[in-house]
2 protein chains.
Amino acid sequence: MSRGRRTVLALSGGIGGAKLALGLSLVLDPANLVVVANTGDDFQHLGLSISPDIDTVMYTLAGINNPVTGWGRRDETWRFMEALEQLGGETWFRLGDTDLATNMERTRRLTAGDTLSDITADFCRRLGVRCRVLPMSDVVVRTRVKTGQGWLDFQDYFVRYQCAPVVEDFSFAGVESATPSRGFLAALADPALRAIVICPSNPFISIDPILSLRGVRDALRTSAAPVIAVSPIIGGQAVKGPTAKMMRELGLSVTAATVGERYADFVDGYVVDDRDAVGLSLPGVEIRATKTLMQTLDDRKHLARAVLDLADELSAS
Amino acid sequence: MSRGRRTVLALSGGIGGAKLALGLSLVLDPANLVVVANTGDDFQHLGLSISPDIDTVMYTLAGINNPVTGWGRRDETWRFMEALEQLGGETWFRLGDTDLATNMERTRRLTAGDTLSDITADFCRRLGVRCRVLPMSDVVVRTRVKTGQGWLDFQDYFVRYQCAPVVEDFSFAGVESATPSRGFLAALADPALRAIVICPSNPFISIDPILSLRGVRDALRTSAAPVIAVSPIIGGQAVKGPTAKMMRELGLSVTAATVGERYADFVDGYVVDDRDAVGLSLPGVEIRATKTLMQTLDDRKHLARAVLDLADELSAS
């Protein structure tokens with residue numbers, strides 16, 4: 001790696017992205033890591049401003065994420081939800097007692113005029129997260145899903161209907177006028193940028209909202225730093241979540257190649273699982289095969305190192 | 001009691017009033033009991049619409065009140081508050097995990113346009129409360145306390161400053177234009193009214209807001225049903241809360257007589273503790289001495305019966 005090139009910018013959705021972000025935070029000086037989280041999943045519920053991907057990234061980096069659910073905090077309790085159910089409230093979106101505090105305090109501060117960027121930075125500091133976590137934008141962007149039963153708000157599709165409706169298309173309401181958050185723009189323009197990492201998150205609903213923000217895709221195309229994507233497809237399957245189901249419904253083959261092609265205009269390197277590397281090639285993209293399944297902490301660190309190694313090789317060449 | 005006179009209307013603040021309301025609910029057919037709770041204590045906090053006295057009455061009648069604190073639910077947990085504190089949120093007003101659900105769902109429904117009356121009725125039904133609990137008004141009234149350090153919002157005085165400031169006066173913002181809730185008006189006009197009970201609540205901050213609503217004091221003065229007050233002062237002391245401290249600061253003697261005089265223009269009967277009855281007389285008011293301290297469930301029922309007996313005697317005479 002070039003001397004002075006230190007900052008790593010990772011673009012992430014929820015669980016899979018957060019795992020790699022954790023790996024990166026453990027193999028880098030955390031001060032050199034900036035994680036930008038998708039906010040297309042954000043929504044209003046029970047009067048609260050809920051940011052699922054920011055929280056998953058933040059909780060994961062703080063070591064307080066719930067490894068069983070993939071969202072929320074570990075050692076969570078559900079007394080609020082139980083009492084809410086008793087009173088006839090809406091309980092389809094689960095909010096644990098401690099996770100609720102995050103959403104309440106975020107909502108209070110947003111209402112008071114603070115930005116999501118500032119609130120997230122404060123929460124991270126208080127939770128002991130040493131790298132920077134940023135929302136992709138401080139402007140509201142809302143992912144909607146076109147399905148056989150019409151357009152659905154994302155969380156209706158994702159949680160209420162458990163991804164059952166067949167997807168046809170996606171839209172990111174508000175994205176046309178949404179600028180990336182100031183910290184995201186600063187990271188993209190950082191002359192000390194060592195790499196931009198596209199985490200192994202759902203390409204349609206986690207990464208695409210970020211890429212659709214004004215100027216982001218162009219910034220990736222023209223960045224002096226290498227852009228490295230990690231495939232969310234392992235052995236022809238998605239590890240978790242609806243990625244594979246969506247790909248099938250959209251008529252796409254469930255392969256690392258399909259995802260790679262979506263990113264081919266801006267990535268320099270593509271890290272895929274050993275099982276998916278056979279015969280894979282993308283014009284102008286350096287492919288690197290390794291073990292990408294992240295079950296242990298060592299797996300996360302291994303993948304993070306593989307990503308950084310590829311980036312540094314591409315910088316040196 | 002006159003045949004057909006069945007409805008008992010009780011005006012209540014928090015803990016002391018709720019205890020008597022519970023007693024009344026146990027010695028009456030609950031269908032014949034209407035409890036009107038003070039809403040001057042209500043306030044907005046963490047984006048929530050909080051109604052402390054309604055909830056204390058409701059929880060008490062549902063048998064789920066916290067007997068230790070005098071507010072909130074029993075078997076409460078505090079994980080939300082702990083997590084909120086970790087994130088730097090405001091924790092001076094304690095909201096337990098299950099109590100929070102009440103406040104969240106109330107806020108959601110108020111925002112959706114439901115009345116506090118309807119919401120309270122639904123909550124009571126779901127919690128198994130068989131008598132009617134009503135807010136004194138569906139219009140916002142806010143108690144303010146004039147102190148040596150200026151006017152304070154009630155909950156700032158009451159919770160944040162723990163009643164430490166010396167009180168000089170009270171105001172009930174919005175009360176001039178606030179009409180009693182529809183159910184409260186209906187109960188006042190109910191031809192089957194057997195008694196109106198002024199519960200042993202703080203006269204300044206629990207009962208006065210109710211009395212100050214447009215038309216209420218006149219309705220009590222002219223009601224065909226007997227109006228019976230119960231003294232919150234026992235043996236020259238308040239059982240709980242700042243009543244005695246307030247009386248001293250206002251230059252009033254801490255006696256059952258002082259409280260009785262405040263109500264003398266509209267009460268027909270006044271139930272005081274045996275210890276406070278000596279020499280007590282109020283023109284035109286029948287005094288009844290009994291044990292008024294409510295430590296056990298039997299105490300609550302005993303006091304409720306004493307109140308109803310006095311009312312029925314006055315009706316018959």
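Where a number appears in this text, it was derived from the coordinates with a stated rule and is not lab data. Just so you know, these numbers come straight off a predicted model, no measurement behind them. Virtual Cβ from ideal backbone geometry, glycine too; neighbours counted across all protein chains shown.
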Which lysines, if any, have their Cα less than 21 Å from the Cα of A:K245, not counting same-chain residues under 8 positions apart? A:K146
What a careful reader reports for the chain A Cβ nearest the rotation axis onto chain B, distance rounded to whole angstrom, is A:D97, 2
Amide hydrogen neighbours beyond the local backbone of A:V271, cut-off 5 Å, H modeled: A:A229, A:V230, A:S231, A:R288
Can you tell me the dipole magnitude for the protein assembly as shown around its Cα centre, using point charges on the Cβ only (Lys, Arg +1; Asp, Glu -1), in Debye to the nearest 20? 320 debye
Trypsin sites (Lys or Arg not before Pro) lying in DSSP loop within the stretch A:36-142, provided at most 15 other Cβ fall within 10 Å: A:R74, A:R94, A:R130
Output needed for the protein assembly as shown: three equivalent-ellipsoid semi-axes, defined as square roots of 5 times the C-alpha gyration tensor eigenvalues, in descending order, whole Å. 64, 23, 19
Determine the percent antiparallel among the DSSP beta bridges restricted to chain A, to the nearest 5. 40 percent
Calc'd 3J(HN,Hα), the stretch B:299-304, phi into Karplus 6.51 cos²θ - 1.76 cosθ + 1.60 (θ = phi - 60°), Hz, glycine/Pro = x, comes to 4, 5, 5, 4, 5, 4
To the nearest 0.05, the calculated FRET efficiency linking B:D312 and B:K240 through their beta-carbon distance, R0 being 30 Å, is 0.55
So who's got an amide H within less than 5 Å of the one on B:L152, skipping anything under 5 residues away but keeping other chains? H placed 1.01 Å off N, in plane. B:V145, B:K146, B:T147
Determine the shape class of the stretch B:70-111: with a ≥ b ≥ c the square roots of the Cα gyration tensor eigenvalues, call it rounded for a/c under 1.5, and otherwise prolate if a/b is greater than b/c, oblate otherwise. oblate
Checked against the positive end of the charge dipole of chain A (+1 on Cβ of Lys and Arg, -1 on Cβ of Asp and Glu, about the Cα centre), the farthest of A:V141, A:A187, A:S171 is A:A187
In nm, one decimal, shortest first: how far is the label point of B:R182 (7 Å from Cα along Cα to beta carbon) from the matching points in the other copies? 5.0
Of A:I210, B:I64, how do they rank once you tally other Cβ atoms within 10 Å and put the fewest first? B:I64, A:I210
Long-range amide H partners of B:A10, meaning residues 5 or more apart or on another chain whose placed amide H is closer than 5 Å, are B:V34, B:V35, B:V36, B:V197
Distances in nm between the label point of B:T115 (7 Å along Cα→Cβ) and its equivalents in the other copies, shortest first, are 4.6
Net charge of Cβ neighbours under 15 Å - reference B:V267; Lys, Arg +1; Asp, Glu -1: -3
Signed unit charges on C-beta, dipole axis of the stretch A:1-97, positive-most listed residue A:L28, A:G40, A:A18: A:L28
If each label sits 7 angstrom from Cα along the C-beta direction, how far apart, in nm, is B:Q149 from its counterparts in the other copies? 5.5
Picking from A:I233, A:Q86, A:W151, whose Cα lies most toward the positive end of the charge dipole for chain A (charges on Cβ: Lys, Arg +1; Asp, Glu -1)? A:I233
Given just the C-alpha atoms of the stretch B:185-268, how large is their convex hull per residue in cubic angstrom? 92 Å³
Whole angstrom only: what separates the Cα centroid of the stretch A:168-216 from the Cα centroid of the stretch B:120-179? 48 Å
Cα axis of helix A:97-111 to longest principal axis of chain A: angle in degrees, 0 to 90, nearest 10? 90 degrees
List, in order, the whole-Hz ³J(HN,Hα) value for each residue of the stretch A:119-130 obtained from phi through the Karplus relation with A = 6.51, B = -1.76, C = 1.60 and θ = phi - 60°; use x for Gly and Pro. 4, 4, 4, 5, 4, 4, 4, 5, 8, x, 7, 9
In whole Å, what are the Cα extents of the stretch B:60-149 along the three principal axes, biggest one first? 38, 36, 29
How big is chain B in terms of Cα radius of gyration and Dmax, in angstroms? 18.7, 64
Measuring from its Cα centre, chain A shows a charge dipole (+1 at each Lys and Arg Cβ, -1 at each Asp and Glu Cβ) which, in debye to the nearest 20, is 540 debye
When A:Y270, B:Y59 are arranged by how many other beta-carbons sit within 10 Å of their Cβ, fewest first, they go B:Y59, A:Y270
Can you return the lysines within cross-link range of B:K301? Criterion is Cα-Cα under 25 Å, with same-chain partners fewer than 8 residues away left out. B:K19, B:K240, B:K291
For the stretch A:257-263, take each phi angle, set θ = phi - 60°, evaluate the Karplus expression 6.51 cos²θ - 1.76 cosθ + 1.60, and give the result in whole Hz per residue in order, putting x for glycine and proline. 4, 4, 5, x, 5, 5, 9
What is the stretch B:235-317 by shape, rounded, prolate or oblate, if you read a ≥ b ≥ c off the alpha carbon gyration tensor as root eigenvalues and call it rounded for a/c under 1.5, prolate for a/b larger than b/c, and oblate otherwise? oblate
Does the stretch B:14-78 come out rounded, prolate or oblate by the C-alpha gyration tensor, with a ≥ b ≥ c the root eigenvalues, rounded set by a/c under 1.5 and, if not, prolate when a/b is larger than b/c and oblate if not? oblate
